[in-house]
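Every read-out reported here was derived from the displayed coordinates using simple, explicitly stated rules and does not represent laboratory data. The structure presented is a predicted model; accordingly, all values stated were derived computationally and were not measured.
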Amino acid sequence: MRPILVLLAVLLPLAPGFAAASEAVLRLLTWPGYADADLVEQFEQRHDVRVEVTLVGNDDVLRSKLAENKGGNYDLIAANTAEIDHYIDQGLLQPLQPTRIANTTRQLWRFRDYPKIPGISRDGKVYAVPYTYSEMGLIYDRNQFTEPPQSITSLWDPQLQGRVLAFNGSSHNFSLASQARGRDPFRIEPDDFPQLTEQLIALRRNVLTFYSLPEEAASLFQEHKVALLFANYGRQQLKQLRDNGADVGYVIPREGALAWLDCWAISRGARDVKLAEAWIDFTLEPPMSHALVERQGLSNTLQEEESSGVPGRMIWLRPVEDAERRTRLWERILSGERPPLTEAP
């Protein structure tokens with residue numbers, strides 16, 4: 001019996017480690033407001049699992065993190081349709097089966113007519129389930145504008161120098177610069193890059209700073225008496241500022257507003273596909289989807305959006321001509337380095 005007792009003495013201290021190793025874990029890579037702590041706790045208790053949430057502040061960071069270990073570090077991601085298209089190209093996602101996610105039947109038909117949603121299907125296979133959407137309008141301080149701003153070009157207004165906040169994102173900023181010139185936001189010709197780069201250098205000089213997270217933008221807006229904010233997170237930021245007591249308005253510029261449709265997608269490296277499907281199903285339950293509206297000011301895919309009273313055209317994001325080139329140039333612009341005018345693609 002003595003050898004058995006010795007063996008038990010060795011194994012018992014390791015038991016907690018064995019338990020931890022067998023614990024089911026769901027690894028989320030997502031945006032602020034999509035996995036609030038109390039809702040995550042509900043999911044953990046229901047499924048007896050642990051959820052690890054990693055938040056991102058822009059698409060460049062999302063790409064970088066998902067590319068690590070070829071997608072093996074995360075089970076489930078939230079990304080817009082243009083990014084989903086890119087991840088399919090890179091082989092970083094796996095097809096999913098909406099029929100195994102019961103609550104997709106609760107969604108409005110236009111959000112489950114998958115072949116008609118650009119970017120989420122390939123060769124008859126579906127890679128993502130729509131979750132939430134918003135346009136990216138302009139938020140302005142009512143006390144600093146006699147009339148609401150009408151154009152994207154207001155971000156470059158020298159009279160607002162140091163009182164403008166813009167988003168730290170390479171793809172969106174090149175799209176904005178192209179859109180401001182009346183051109184295609186998603187297909188920039190090689191000869192146009194030098195001009196748009198100069199335009200973004202001018203934007204860098206005009207803004208207070210470039211933010212990443214909505215909470216950061218809200219704090220900067222109020223602390224520095226910012227006049228104008230490009231709302232990358234859309235109405236989520238509008239609600240946040242108003243909840244903080246800011247007297248702000250919201251407009252869609254005359255050029256139209258870029259708009260995103262964020263989806264859930266399962267990483268190629270997902271450890272437990274059924275658990276990932278369970279999370280998607282959970283987020284499509286009415287309480288979780290309604291939390292998007294009530295807490296974040298965003299739209300969900302279960303109910304028709306109430307009229308906001310803000311007229312304007314939404315321009316849904318599409319894949320861009322060369323995301324890597326945009327990122328490379330943007331990093332130089334942001335650092336203060338002037339990119340060469342004839343940079344090779």
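Figures for the structure shown
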item: Residue-wise HN-Hα coupling along the range 319-329, computed from phi with Karplus coefficients 6.51, -1.76, 1.60 (Hz; x: Gly, Pro); result: x, 9, 5, 7, 5, 5, 5, 4, 5, 4, 5
item: Residues whose placed amide H lies under 5 Å from that of L258, excluding near-sequence neighbours; result: M136, I315
item: Cα-only radius of gyration and Dmax that characterise the range 155-313, units Å; result: 18.2, 54
item: The range 188-238 - convex hull of alpha carbons, volume per residue in Å³; result: 90
item: Volume in Å³ per residue [convex hull over Cα atoms, computed for the range 237-330]; result: 181
item: Label selected from (1) 43, 21, 18; (2) 39, 23, 22; (3) 32, 23, 18, the criterion being semi-axes √(5λ) of the Cα gyration tensor in Å as computed here; result: (2)
item: Gyration tensor (alpha-carbon) shape descriptor, the range 124-229, a/c threshold 1.5; result: oblate
item: The chain: relative contact order as a whole-number percent, Cα under 8 Å and 6+ apart; result: 27
item: At q = 0.11, 0.20, 0.27 Å⁻¹, base-10 log of I(q)/I(0) for the range 199-278 (Debye sum, equal scatterers on each alpha carbon); result: -0.46, -0.96, -1.40
item: Sequence-distant residues sharing a close amide H with R50 (under 5 Å, placed H); result: A24, V25, L26
item: Whole-Hz couplings from phi, Karplus 6.51/-1.76/1.60, listed for the range 102-116; x for Gly and Pro; result: 4, 6, 4, 5, 7, 6, 4, 4, 5, 9, 10, 8, 4, x, 8
item: 3J(HN,Hα) from dihedral phi, the range 276-290, Karplus parametrisation 6.51/-1.76/1.60, rounded to Hz, x for glycine, proline; result: 4, 5, 5, 5, 4, 4, 4, 5, 9, 6, x, x, 5, 5, 5
item: Fraction of alpha-carbon pairs over 18 Å apart in the range 145-191 - percent; result: 36
item: Range of Cα positions in the range 88-148 per principal axis (Å), largest first; result: 52, 31, 17
item: Isotropic mean projected area of the C-alpha convex hull, the range 22-102 (nm²); result: 6.2
